Amino acid sequence: MYTEKVMDHFTNPRNVGEIEDANGVGEVGNASCGDIMKIFLKVEDNIIKDVKFKTFGCGAAIATSSMVTEMAIGKTLEEAMELTNAAVAEALDGLPPAKMHCSNLAADALHEAIKNYMEKGA
Ligand code: FES
C-alpha cells in the first residue's frame, strides 16, 4: 500500500524535534482526523538553514513531514513557499488515495512557519 520512500521516511524520519532558537514556527491541524504538525525554522539571509518537525499523526503524516523538511533545507523563503503538498507526496512516489489528506499538513505547516518568520521580521 505504501511506497518504499514512504516506509523509509516513516520508519526513519529525518529532522525530528525542535529548534530551540527557531525564528519561525508554524502549526497546522488536519480537520479530517485531528492530527497536528508543528514545524520549526532557522532562517538566515533569506535561506532556510534548518528545519525540524513534530507530528502527532499517522505514518503518512510523519513521512510527509520528514520529506518536507528535506525539501525545504537550503531553499530561499520564496522557493519554500512554492513547495506544494502535491510536490511532497510526489517526492515520496505517491500516497494511497485515502491518505492524500495527510499530506496536507506538511507544506501547510512549512508555509505557516515562513509566514510567522516574516511577521516577526516586519
Ligand atoms: Fe491524520 Fe493521516 S490520518 S494525518
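The values are calculated or read from the model by the stated rules, or taken from the named source; none is laboratory data. This structure is a prediction, so every number in the text was calculated from the model and none was measured. Please note: Cβ atoms are built from the backbone with ideal geometry, for glycine as well, and neighbour counts cover all protein chains shown. Only protein heavy atoms, including side chains, enter the accessible area calculation; ligands, DNA and RNA are left aside. Shrake-Rupley method; radii C 1.70, N 1.55, O 1.52, S 1.80 Å.
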| query | Cβ under 12 Å from Lys38's Cβ, Lys38 left aside: what net charge do those residues give with Lys, Arg +1 and Asp, Glu -1? | reply | -3
| Mean residue ellipticity at 222 nm from the helices of the chain, using -39,500 (n - 2.57) per DSSP H segment of n ≥ 4 over the full residue count, to the nearest 500 deg cm²/dmol? | -12500 deg cm²/dmol
| said: What does the net charge come to around Thr69 if you take all other residues with beta carbon closer than 13 Å to its beta carbon, with K and R at +1 and D and E at -1? | reply: +4
| field | Pairwise centroid distance, computed over Cα atoms, of segment 26-44 with segment 88-110, Å | value | 13
| Under 19 Å from a point 7 Å along the Cα-to-Cβ line of Glu4: which residues of segment 45-87 have their amide N that close? | 63-64, 67
| said: If you consider only alpha-carbon coordinates, what radius of gyration and Dmax does segment 77-117 have, in Å? | reply: 10.8, 33
| said: Can you pull out the GluC sites (Glu not before Pro) in segment 48-122 whose DSSP state is coil and whose Cβ has at most 16 other Cβ atoms within 10 Å? | reply: Glu82
| query | Quick one: accessible area per residue over the chain, 1.4 Å probe, rounded to a whole number of Å²? | reply | 49
| field | Label zone at Val16 (point 7 Å along Cα-to-Cβ), backbone N below 12 Å, segment 63-85 | value | 63, 66
| remark: Answer check: the chain, Cα atoms, Kirkwood Rh, Rg/Rh ratio of 0.95
| Computed label-point distance, nm, for sites Ala86 and Ile47 using a 7 Å Cα→Cβ extension | 3.0
| Dipole magnitude of the chain about its Cα centre, charges +1 at Lys/Arg Cβ and -1 at Asp/Glu Cβ only, in debye to the nearest 20? | 240
